[in-house]
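Below: one structure, written as structure tokens.
The values are calculated or read from the model by the stated rules, or taken from the named source; none is laboratory data. Not measured: the values here are computed from a predicted model. FYI the Cβ positions are ideal-geometry reconstructions off the backbone, even for glycines, and counts take in every protein chain you see.
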Amino acid sequence: MVATEKYQKITALCAFIDSVNLWAGKLSSYVIGVVVLMMSYEVVSRYVFNAPTIWSGELCQYGLCFATMLGGGYTLMMDKHIRVDIIYRSFNFKKRAVVDLITWWVAVAFLLVLIWKGGELTIDAYVGDEKSMTFMEVPMFYSLSLIPIGAVLLLLQVMARLARNVLNLIMNEEKFNFLDSHF
């Protein structure tokens, strides 16, 4: 009975992490929609009216950085990151879980470094009042803060995936899967 309660707490925590990354993924998709509208406006302004904008390129870059960094956890949650599937797909759930448990530690190490160094860059940009070298002079703190924030979201999703793999191995069945439990 106690083990079941622990599993329920772990799955509830995983579900919370999923909901945070689902929210971040939706927000990223809206930002991509805005980027598409801005680029469309730029194309029409430039080629139809021969009056290019001076702001659209920079804002589109920030929008794409936002969507990329905050969409990483969502992409992992939906199992859409790139990997070599030829061998992986042929494994049963136990072998896939073991392979994930072995290989995801590399991702954890990389993400911890990204959080650390990205955090340092963000703090330095904030303290040094760094601005972009364009006419807009956007504070670099905003865009640089996306690095550690996105890395934290992705790290949380990696940890949720690891927890699900461990639970699958303990229960000896593929019971704890985001895609099966939410869609």
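Inside region 69-126, residues that are closer than 30 Å to PRO139 by Cα and of a type outside the set (A, V, I, L, M) make up a count of 14.
Considering (1) in a helix (DSSP H, G or I); (2) farther than 27 Å from PHE16 by Cα; (3) at pLDDT 90 or above, the lone condition that ILE86 does not fulfil carries the number (3).
Assess whether LEU64 counts as being modelled with pLDDT of 85 or more and closer than 30 Å to ALA163 by Cα. No, not satisfied.
Do the conditions hold for LYS117, that is, is it assigned to a loop (DSSP other than H, G, I, E, B) and without any contact (Cβ under 8 Å) to a residue 40 or more places away in the chain? Spelling it out, it is not the case that LYS117 is assigned to a loop (DSSP other than H, G, I, E, B) and without any contact (Cβ under 8 Å) to a residue 40 or more places away in the chain.
Would you be able to say whether some residue in region 47-64 is of a type outside the set (Val, Ile, Thr), exposed (fewer than 11 other Cβ atoms within 10 Å of the Cβ) and touching a helix residue (DSSP H, G or I) at 6+ places or on another chain (Cβ under 9 Å)?
Yes: one or more hits.
Does LEU112 satisfy the criteria of being at pLDDT 95 or above and not hydroxyl-bearing (Ser, Thr, Tyr)? The answer is yes for LEU112.
Any residue at all in region 45-67 that's of a type in the set (Val, Ile, Thr) and in a helix (DSSP H, G or I)?
So far as region 45-67 goes, no, none of its residues is of a type in the set (Val, Ile, Thr) and in a helix (DSSP H, G or I).
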